[in-house]
Amino acid sequence: MRASEFQRAVAAAESIAASAGLTVEDAVVLQDSNKLTLRLLPGDVLARVAPAAEQVAATEIELARRLTEAGSPVAALDPRVEPRVYERDAFVVTLWTYYEPATRDEIPPADYADALVRLHAGMRTLDLPAPHFTDRVEQAQRLVAGRDLTPALADSDRELLSSTLRGLREVVAGHGGAEQLLHGEPHPGNVLTTEHGPLFIDLETYCRGPVEFDLAHAPDEVGDHYPGVDRDLLRACRILVLAMVTTWRWDRDDRFPDGHRVGTEWLGRVRAALDGDGRPGTMR
């Protein structure tokens, strides 16, 4: 959240929660990136706030509601308020159940994989229009192609990302296997470790594609416990996803902490993951 918007965003969340009948005396910042995530006390509700022009919150609400009904491992909306998108002062706010973190910090790979299997099973029951994963790749390709959008990216690095995104998009899109509704970014930052087990959040990145595209966002060991994985496809997806997230770090509007340092490190990982012909090698 931009510094100029921060206080207004917090005020919008507090006002909406109070109007919904929840007691609000304090707001604790849990995450501040493209969205602002707040724990509002003492009512203990989790509020997610975003500029109205940058949100797809209505679809996320619908996905969360239907997946919760299907018993899928996703964070639930707060049952005390109407499940909808609230808007105030050019911000949209959604209100969610707050889960106390479990005592352990990391999710065992087998548990992570089991949760992802159950999430995918629930998603297969939904008939919702969704963007294709290639739409996400195209967003990265536009950033790489637009020098004004990624001005700090060196020419050699720009060519590396461009060729990797283009080539692996074709490989993954042409795999010929089954595709389904996906989370889109089920990385560890989008999985809560709770007493109820792992719960996925941030469903706004949903898309259609092979399950290997989702698995590519998870730690490598998770793929070892997910049944029926196409190993070659997963390797290609991992490099493709790495190239995508590396591209985000060079976006002039990116607000990731120390983004260019991280982006430089990840460029090295992209190179290391490709063989001499620029094709997927063994991930290191």
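General observations
- Residue 52 being touching a residue at least 12 places away in the same chain (Cβ under 8 Å) and more than 22 Å from residue 100 (Cβ to Cβ): yes
- Extreme residue, nearest to the chain's Cα centre (by Cα), among residues of the range 149-163 that are open to solvent by 80 Å² or more (accessible area, probe 1.4 Å) and without any contact (Cβ under 8 Å) to a residue 24 or more places away in the chain: 159
- Scanning the range 164-200 for residues that are open to solvent by 40 Å² or more (accessible area, probe 1.4 Å), of a type in the set (Val, Ile, Thr) and within 17 Å of residue 68 (Cβ to Cβ) yields no hits at all.
- When residues of the range 89-124 are limited to those that are open to solvent by 80 Å² or more (accessible area, probe 1.4 Å) and modelled with pLDDT under 95, the one nearest to residue 222 (Cα to Cα): 106
- Restricting the range 55-74 to residues that are of a type in the set (Gly, Ala, Ser) and surrounded by 19 or more Cβ atoms within 10 Å (Cβ to Cβ), the residue that is farthest from residue 33 (Cα to Cα): 72
- Annotation note: of 213, 256, the sole residue that is within 30 Å of residue 147 (Cβ to Cβ), in contact (Cβ under 8 Å) with a residue 24 or more places away in the chain and open to solvent by 40 Å² or more (accessible area, probe 1.4 Å) is 256.
- When restricted to residues that are over 16 Å from residue 24 (Cα atoms) and in contact with a helix residue (DSSP H, G or I) (Cβ under 8 Å, 6 or more places away or on another chain), the range 40-65 contains 9.
Residue by residue, here is whether (1) out of contact with any strand residue (DSSP E or B) (no Cβ under 8 Å at 6 or more places or on another chain); (2) under 16 Å from residue 140 (Cβ atoms) holds:
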site: 215; (1), (2): yes, no
site: 224; (1), (2): yes, no
site: 239; (1), (2): no, yes
site: 242; (1), (2): yes, yes
site: 245; (1), (2): yes, yes
site: 251; (1), (2): yes, yes
site: 254; (1), (2): yes, yes
site: 271; (1), (2): yes, no
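The values are calculated or read from the model by the stated rules, or taken from the named source; none is laboratory data. From a predicted model like this one, the values you see are computed outputs, not experimental measurements. Cβ sites come from the backbone with ideal geometry, for glycine too, and all protein chains shown count toward neighbours. Each accessible area value is taken on the protein alone, full model and side chains, heavy atoms only, with ligands, DNA and RNA left out. Shrake-Rupley method; radii C 1.70, N 1.55, O 1.52, S 1.80 Å.
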